[in-house]
Amino acid sequence: MMSLNDAAEELASSLGVDKAEVKADLEKLVSYSVPMDEAKQSLRRKYGDSGGGDGGGTPPKTDIVDITPESGNVTVTARVLTVGKRSIRYEGENQTIFEGELADETGRISYTAWTDFSLSPGDTVTVGNAGVREWDGEPELNLGQSTTVTLEKEALSVPYEIGGERDLIDLEPGDRGRTVEVQVLETETRTIDGRDGETEIKSGVLGDATTRLPFTDWEPHREIVDGASVRLEDVYIDEFRGVPSVNVTEFSAIEPTAEVTVSESGTELSVREAVAAGGVYDAVLTGNVIEVRDGSGLIQRCPECGRVVQNDQCRSHGQVDPEDDMRVKAILDDGTDTVTVILGRELTESVYGGTLEDALDHARDAMDRDVVADEIAEKLEGREYRVRGALSVDEYGANLDATDFEESDEDPKARAQAFLSEVEP
Ligand SMILES: [Zn+2]
């Protein structure tokens with residue numbers, strides 16, 4: 001049987017109130033012959049109510065490291081690392097939510113707040129009666145109607161960075177409340193069928209000294225124009241085909257900054273590393289072209305949607321009058337894995353050594369469209385290339401949309417050495 005002192009201690013810590021006060025109350029109830037369990041319940045109600053809770057009492061205080069998806073409701077004292085504001089569609093309504101990370105000495109955890117608790121990065125708070133749910137296999141705190149948030153006077157020291165400032169290379173899908181300083185490298189405005197009807201969005205590419213990433217601006221900001229250097233405060237990160245993508249919203253703050261230097265080199269990786277990363281927006285790979293695949297050389301596209309068509313039939317638009325185009329789908333092997341490199345028209349013309357018109361003439365003279373692909377295969381197969389572009393991974397494998405494609409002048413021996421050291425560290 002738990003002693004009165006122990007019971008008072010447990011209650012005080014779980015309710016976040018003074019132990020002496022709880023002990024006095026407990027002693028009084030027990031002296032009136034109230035059973036201990038009932039006395040504790042009654043005090044939970046008393047202090048739970050005074051804390052503004054729903055009367056169900058506050059769960060015991062937990063270290064973040066001990067929270068699991070099965071934890072039920074918890075109470076934690078933690079430092080607010082980041083706060084991101086976002087509008088989502090929930091049960092048919094637009095709702096503003098707050099998301100980010102909390103940390104204590106033992107660990108950190110993501111949270112979603114369904115009401116505005118006025119959280120700011122750096123605050124130390126006690127979050128009472130937060131729900132725990134599972135997201136992507138990890139526990140996440142849910143701060144709702146029955147959650148209390150109390151600002152603590154004393155700052156909790158935590159072994160994590162406070163605030164959302166990051167380099168582009170460090171962003172990961174799922175990140176919320178991030179702040180980046182970037183140069184806008186490309187922009188495109190288009191109209192989409194959004195959740196509230198037709199709406200205009202801006203998309204393009206951002207760069208900093210570490211890498212480049214695609215972005216979408218859901219509330220087109222006029223500060224986001226080609227060549228501008230800007231600080232984007234409160235953006236969130238999702239993924240598109242394995243590549244992190246920066247989302248700017250109506251809640252993001254945008255400010256011009258001094259010119260941001262942009263990485264010129266791309267990220268050098270082995271194919272295996274790039275595939276393991278699930279996608280890399282600006283990857284540089286070096287390997288041998290082992291095969292030029294079917295669907296290379298002269299191709300035809302639907303004029304409506306740009307899909308490759310065969311026998312004038314588009315999957316979406318039926319019978320069409322197709323447009324001629326050129327591309328290469330080449331399998332690149334660097335000894336660790338393979339990737340399909342896709343060259344668009346310009347790079348294909350350059351490896352073919354002639355324009356689309358030349359290729360069409362060539363095919364006409366030979367009375368065979370395949371001669372173009374055959375000639376490209378003869379040039380590429382067995383040679384080593386350095387390729388730069390966006391690598392994505394889907395169920396069919398890894399593809400790299402090349403922006404640069406050049407024959408490698410690297411010493412093959414040195415490269416073999418590098419791979420060996422990677423395989424056997
Ligand atoms: Zn089509």
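Values for this structure:
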item	result
The chain, dipole about Cα centre (Lys/Arg Cβ +1, Asp/Glu Cβ -1), debye to the nearest 20	1680 debye
Lys/Arg +1, Asp/Glu -1 at C-beta; the chain dipole; positive extreme among THR58, ALA274, ILE97	THR58
Ranked packing of 117-123, 385-391, most packed first, by mean Cβ within 10 Å	385-391, 117-123
Candidates PRO303, PRO59, PRO256: whichever shows maximal mean-square fluctuation once the chain is modelled as a Gaussian network with Cα springs under 10 Å	PRO303
Residue-averaged [θ]222 nm for the chain, counting only DSSP H segments that reach four residues, each worth -39500 (n - 2.57)	-6500 deg cm²/dmol
Protein accessible area in the stretch 222-283, 1.4 Å probe - carbon and sulfur %	49 percent
Rg/Rh ratio calculated on Cα atoms of the chain (Kirkwood radius)	1.13
The stretch 57-101 and the stretch 331-387: distance between their alpha carbon centers, rounded to Å	53 Å
Percent of alpha-carbon pairs separated by more than 21 Å within the stretch 171-313	55 percent
Top positive-direction residue, dipole computed over the chain with Cβ charges, set SER316, THR115, SER245	THR115
Sulfur and carbon atoms: percent of accessible area, the stretch 162-202 [1.4 Å]	33 percent
Per residue accessible area in Å² of the chain, where ligands, DNA and RNA are left out and the probe is 1.4 Å	53 Å²
Centroid-to-centroid separation of the stretch 112-129 and the stretch 393-408 [C-alpha atoms, Å]	43 Å
Accessible-area composition of the stretch 334-378, carbon plus sulfur, in percent [1.4 Å probe]	44 percent
P(r) tail fraction, the stretch 273-364 - alpha-carbon pairs more than 24 Å apart, %	34 percent
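The values are calculated or read from the model by the stated rules, or taken from the named source; none is laboratory data. Since the model is a prediction, treat every value here as computed from it, not as a measurement. A quick note on method: Cβ atoms are made from the backbone with ideal geometry, for glycine too, and the neighbour counts reach across all protein chains shown. Accessible surface is based on the protein model in full, side chains and every heavy atom, while ligands, DNA and RNA are left aside. Shrake-Rupley method; radii C 1.70, N 1.55, O 1.52, S 1.80 Å.
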